1. Just to compare against my own numbers: the Cα pair-distance distribution for the chain, 10 Å bins, whole % per bin, please.
2. If all Cα-Cα distances of segment 169-298 are sorted into 5 Å bins from 0 onward, what percent lands in each bin, rounded to whole numbers?
3. With Cβ to Cβ distances under 14 Å as the rule, what net charge do the other residues near L308 carry (K, R +1; D, E -1)?
4. Using heavy-atom solvent-accessible surface (probe 1.4 Å) with all chains present, what is the largest-first order of E274, E189, E284?
5. Excluding N202 itself, calculate the net charge of residues whose Cβ lies under 13 Å from the Cβ of N202, where each Lys or Arg counts +1 and each Asp or Glu counts -1.
6. So what's the gap between the Cα centers of segment 255-326 and segment 214-236, to the nearest angstrom?
7. Rounding to the nearest 20 debye, state how big the charge dipole of the chain is about its Cα centre with +1 on each Lys and Arg Cβ and -1 on each Asp and Glu Cβ.
8. Rounded to the nearest 5, what is the percent of antiparallel bridges among the DSSP beta bridges in the chain?
Amino acid sequence: MKQFQYLRAATQQSTLDAISKPGTKIIAGGTNLIDLMKRGVTAPDKLVDITHLPLKNITPTKSGLHIGALALNSTVSENGIVVQKFPLLSMALKAGASPQLRNMATVGGNMMQRTRCSYFYDTTMPCNKREPGTGCGAMGGLNRMHAIFGTRDKCIAVHPSDMCVGLAALDATVIIAGKKGERRIPFTEFHRLPGEHPDVDNTLAKDEMIIGVDIPDNNFAKNSYYLKVRDRQSYAFALVSVAAGLDISNGTIRQARLAMGGVAHKPWRLFEAEKFLVGKAVSEDSFKQAAQIAMQGAKAYEYNAFKLKLAPATITEALKHASGLV
Ligand code: SF4
């Protein structure tokens, strides 16, 4: 591993000053960044440790809940308000990684984690995300874990997070600090599709940092579910996952929220399927129709065609769990 400088930031301002210099990266839990450095995928000159900044709070607000960027995944998943008001977020967090990793990983770090595409981690292979212009090893390679939505021939990687799928479904807002002050963006606009620049995972500028997320109150708590399908029961990334939230009154769906993981370069919100479900009776048939709508535009590669069947089945099953049908 390349030698690097280590700084411990005392303030948000000193962090922003430090990251405005090239070659500097923020580190918090380090559960992904250290792996990337060991493998030579990234080689920063300087790491700025922000774990001593006051960004660990989980605080009720007038319209929902604020979660600081340094709140630990394990803490958020066990927080009483999260469990009571946003259970699908708790479920999504507990579906991710291992207890040891969740005890180190932060909310901000979870959002910033990079794809687990094996070609991205193998520095002997071409990868447009790691080294723009070299090609995509996965395109003609082993692409069983890869995307079926929003792909371009430059990159077919998926975003690996479970938490982010939950936050996308819950209409969360990302709070970002930069030298010009704070800005807020919808969670669904934080991560990006690969397009012409697969090396860029999200819309955070190099001199900005995530300071927290806000989740608005909703009526989905009673009828929400996170379903993750994976190769083994724990410590595995999603083949497909679905976050589902339903607002149901007298057997009719008033509002729906749906997002998928394991299928795109970003958490994949299913807006058209949500619209379809509004006003429908709670039934397996409605859920199957919504799942078919959600699959419009899906495209498989050599080894991931199974996701074209697995994804709608997972959507249907998640909606059945959320609605209480099973
Ligand atoms: Fe790299 Fe993306 Fe291709 Fe994987 S899918 S090898 S991350 S360019």
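The values are calculated or read from the model by the stated rules, or taken from the named source; none is laboratory data. Every value quoted in this text rests on a predicted model; they were computed, and no experiment measured them. Because the Cβ atoms are built from the backbone with ideal geometry, glycine has one as well, and the counts that use them run over all protein chains shown. Surface areas here come from the heavy atoms of the whole protein model, side chains and all, with no ligands, DNA or RNA. Shrake-Rupley method; radii C 1.70, N 1.55, O 1.52, S 1.80 Å.
1. 6, 27, 35, 24, 8, 1, 0
2. The distribution over segment 169-298 is 2, 10, 15, 19, 18, 16, 11, 6, 3, 1, 0, given as percents.
3. Result for the neighbourhood of L308: +3.
4. Sorted descending by solvent-accessible area, the residues read E189, E284, E274.
5. +1
6. 14
7. Dipole about the Cα centre, nearest 20: 200 debye.
8. 85
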